Amino acid sequence: MPKVTPRKIEEKIDRTLNAWEQIAPTKSFGGMTLVQFREVVAPSIAARDRIEDLEDQTTQAITQRDQADDASLDKIQLVVNGVLADPTEGADSALYEALGYTRKSDRKSGLTFKTKKTGGGAGGGPTP
């Protein structure tokens, strides 16, 4: 049996309302008039409307957060640049490290020396 999803239920409610309105709006079915049926399904419709509003608010809040984060990152970079330019702080200071960066004295030089491989053959590994 196929799973009944909220989307399918919404489609069923809409289809029932539309068909009833168009074809037999004055008749009663299941012991209800069309008006009574609308009252019964109103909470389902209201909940869906609220979810849609909340999703819109969430989208708007995410956009606002992203814009605020961009501005914050710009200001953070100004602070870091100020620390680097400060004669008593600079790239080797504890403050620079506390900001999440690697102090200049802790950085590796990047200079590497390759060692010569001994033995060998084409595979570079030991032969059996």
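Computed from the coordinates by the stated procedures, all read-outs in this text should not be read as laboratory data. All values reported here derive from a predicted model rather than from experimental measurement. Virtual Cβ from ideal backbone geometry, glycine too; neighbours counted across all protein chains shown.
Scaling the Cα radius of gyration of the chain by the globular reference 2.2 N^0.38 Å produces a ratio of 2.47. Taking label positions 7 Å along the Cα-Cβ direction at both residue 78 and residue 5, the computed distance is 4.8 nm, reported to one decimal.
Look at 111, 84, 34, 54 and count the other Cβ atoms within 10 Å of each Cβ; fewest to most, that gives 111, 54, 84, 34. In the chain, the DSSP-assigned H stretches of four residues or longer account for a calculated mean residue ellipticity at 222 nm of -21000 deg cm²/dmol, using -39500 (n - 2.57) per stretch and the full residue count as denominator.
When only the Cβ of Lys, Arg, Asp and Glu is charged (+1, +1, -1, -1), the dipole of the chain relative to its Cα centre reaches about 1000 debye. Spacing of the modelled spin labels on residue 12 and residue 88, each 7 Å from Cα toward Cβ, amounts to 7.3 nm.
Cβ-to-Cβ counts within 10 Å put 29, 37 in ascending order as 29, 37, the fewest first. Fewest-first ordering of 76, 13 by other beta carbons within 10 Å of each residue's beta carbon gives 76, 13.
Taking every alpha-carbon pair under 8 Å whose residues sit at least 6 apart, the range 6-105 reaches a relative contact order of 11 percent.
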